[in-house]
4 protein chains.
Amino acid sequence: MNERHTEPAGPTLEELRQRLVAFAAARHWEPFHTPKNLASALTVEAGELLEIFQWLTPEQAAAVMADPDRAHRVRDEVADVLAYLLQFCTAVGVDPLTALAAKIERNELRFPVPDFPAEGEEVNP
Amino acid sequence: MNERHTEPAGPTLEELRQRLVAFAAARHWEPFHTPKNLASALTVEAGELLEIFQWLTPEQAAAVMADPDRAHRVRDEVADVLAYLLQFCTAVGVDPLTALAAKIERNELRFPVPDFPAEGEEVNP
Amino acid sequence: MNERHTEPAGPTLEELRQRLVAFAAARHWEPFHTPKNLASALTVEAGELLEIFQWLTPEQAAAVMADPDRAHRVRDEVADVLAYLLQFCTAVGVDPLTALAAKIERNELRFPVPDFPAEGEEVNP
Amino acid sequence: MNERHTEPAGPTLEELRQRLVAFAAARHWEPFHTPKNLASALTVEAGELLEIFQWLTPEQAAAVMADPDRAHRVRDEVADVLAYLLQFCTAVGVDPLTALAAKIERNELRFPVPDFPAEGEEVNP
């Protein structure tokens, strides 16, 4: 993560989640923040991130951050996806970090590290 | 966040991101993890989260976590969305926390807190 | 379909599909029209249609076509979804009408018409 | 369209739309078929179509219909996308063929056929 600054530490996920809660409360937006609406908004924003890439060649896609306009759009859509994911988690009372840690543990059992990966084998990345 | 345990601290977002990097490397999945593929996978998983809610009434949606099967699916899809978002961020070299903090600051300027919110006013939550 | 004019007949789906093929060919866009790119574009446009509804109350959503600006956006996104679906079908050689007729027949077996629908029964609309 | 049978003619889009209306009515599913729910379902199904392609190489994606299992999934998801698009159009009273014809006409003005397409020019397919 070449943008990661460890000195001084940036905000934590939980701090940003709380800022989003306060942001919505100050604007009286909570009635709109139902789980269903937030899951819709999350999907819409993920689509907007995908839109940046949909017609790019593999070479253009790999160099997406070298184009300042596209790089800005990528950061903006990443932020929107994360914002709606955190607001969704707030609405349903799920901790995303705990959920992801549990999923990684399930996936470590489901997809054991291959000793001798067969050539051409099907994968599920 | 009723699942948040602050004592002892759970994993940070950066720790989980590094576990995902190691997970993919051990399985030789990096060639599949292009920005375009990961943006597609993120959108697909967001759709799977939305699928849980698509036919629910507002009452059923509000009580989604009271149903153990649905609650498991919600946690599972939240984990998948976050996993692909982190892998996407790794592929393009974006720090999601920095991107979200910057977006919140832009939104604080774009949507000032209303002193006297007009009744029936249009909002953009 | 209150916009359907049966006298004189409008274009058929197949005629519009052929116009889209000619449109792309005249602009040398075929290299971009891979199945994967078109499935991405279809998903992005479906998200843009959903975006119109994401914060609307059920009452606002039901009246969406009474708002000229929203009505135009709805027609525009419906057209985009159908255009990319037809272009996807061209790219993979699938006839969408045959595929849908076959699916309806499968669903008639899968979801038989209930004689006495149980109150509160689970549905899968 | 190698699956297109012109002798005898298959069903028209309007005939399939009416079968879907009758199908939902017989199962008392109309209350679920709000514009917002149907736009969600459309997005979810588009994501399921994209899921088939998300990890495929360009070569695998181009040969998707040569794999009987993938070919069946493609036809099935195409049918689902078209079904929800038609049900959405029913719910809002939009004729999809008229909407698409109008959009093609707007796009013919917006993207004129280039006389001398510049090499490497930006396109918006």
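Against the numbered list (1) away from chain D (no Cβ under 14 Å); (2) open to solvent by less than 20 Å² (accessible area, probe 1.4 Å), B:Pro114 comes up short only at (2).
Take the conditions (1) open to solvent by 70 Å² or more (accessible area, probe 1.4 Å); (2) at pLDDT 95 or above; C:Glu122 misses just one of them, which is (2).
Can you find a residue in segment B:33-45 that is at pLDDT 95 or above, open to solvent by less than 20 Å² (accessible area, probe 1.4 Å) and more than 7 Å from every other protein chain (Cβ to nearest Cβ)? Outline the logic, then answer.
Taking segment B:33-45 as the starting set, the residues that turn out to be at pLDDT 95 or above are B:33-45.
When the remaining residues are screened for being open to solvent by less than 20 Å² (accessible area, probe 1.4 Å), the result is B:35, B:37-45.
Right, trim to more than 7 Å from every other protein chain (Cβ to nearest Cβ) and you get B:38, B:45.
Yes, segment B:33-45 has at least one match.
Being within 14 Å of chain C (Cβ to nearest Cβ), assigned to a helix (DSSP H, G or I) and surrounded by fewer than 20 Cβ atoms within 10 Å (Cβ to Cβ) is true for just one of A:Gln87, A:Gln60, A:Gln18. Which residue is that? Spell out the reasoning first.
Details: A:Gln87 fails: surrounded by fewer than 20 Cβ atoms within 10 Å (Cβ to Cβ); A:Gln18 fails: within 14 Å of chain C (Cβ to nearest Cβ).
Exactly one of A:Gln87, A:Gln60, A:Gln18 is within 14 Å of chain C (Cβ to nearest Cβ), assigned to a helix (DSSP H, G or I) and surrounded by fewer than 20 Cβ atoms within 10 Å (Cβ to Cβ), namely A:Gln60.
If a residue must be part of a loop (DSSP other than H, G, I, E, B) and in contact (Cβ under 8 Å) with a residue 12 or more places away in the chain, how many such residues does segment A:90-120 contain?
Of all residues in segment A:90-120, those part of a loop (DSSP other than H, G, I, E, B) come to A:93-95, A:111-120.
Next, only the ones that are in contact (Cβ under 8 Å) with a residue 12 or more places away in the chain stay: A:111.
So the answer is 1.
One residue is enough: does segment B:68-82 have a residue meeting the conditions more than 9 Å from every other protein chain (Cβ to nearest Cβ), at negative phi and touching a residue at least 40 places away in the same chain (Cβ under 8 Å)? For segment B:68-82, residues more than 9 Å from every other protein chain (Cβ to nearest Cβ), at negative phi and touching a residue at least 40 places away in the same chain (Cβ under 8 Å): absent. Does B:Ala101 satisfy being at pLDDT 95 or above, open to solvent by 10 Å² or more (accessible area, probe 1.4 Å) and of a type in the set (A, V, I, L, M, F, W, C)? Here the answer is yes, as B:Ala101 does meet what is asked.
Listed residues B:Thr34, B:Thr12; which is in contact with a Pro (Cβ under 8 Å, 6 or more places away or on another chain) and among the polar types (S, T, N, Q)? Explain how you work it out, then say what you get.
On the way: B:Thr12 fails: in contact with a Pro (Cβ under 8 Å, 6 or more places away or on another chain).
Step by step, each of B:Thr34, B:Thr12 is checked, and only B:Thr34 is in contact with a Pro (Cβ under 8 Å, 6 or more places away or on another chain) and among the polar types (S, T, N, Q).
Only residues that are among the hydrophobic types (A, V, I, L, M, F, W, C) and facing another protein chain (nearest Cβ under 7 Å): list them for segment D:46-55, please. Before the answer, list the steps.
The first filter runs over segment D:46-55 and keeps only residues among the hydrophobic types (A, V, I, L, M, F, W, C), leaving D:46, D:49-50, D:52-53, D:55.
Of everything in segment D:46-55, those that are among the hydrophobic types (A, V, I, L, M, F, W, C) and facing another protein chain (nearest Cβ under 7 Å) turn out to be D:Ala46, D:Leu49, D:Leu50, D:Phe53, D:Trp55.
Residue count for segment B:21-32 under the criterion of being among the aromatic types (Phe, Trp, Tyr) and open to solvent by less than 40 Å² (accessible area, probe 1.4 Å): the result is 2. Looking across D:Glu45, D:Glu15, one residue alone is charged (D, E, K, R) and over 30 Å from B:His28 (Cα atoms). It is D:Glu15.
The values are calculated or read from the model by the stated rules, or taken from the named source; none is laboratory data. The shown structure was predicted, so the numbers you read here are calculated from the model rather than taken from an experiment. Positions of Cβ are backbone-derived with ideal geometry, glycine not excepted, and every protein chain shown enters the neighbour counts. Remember, those area values only see protein heavy atoms, side chains included, never the ligands or the DNA or RNA. Shrake-Rupley method; radii C 1.70, N 1.55, O 1.52, S 1.80 Å.
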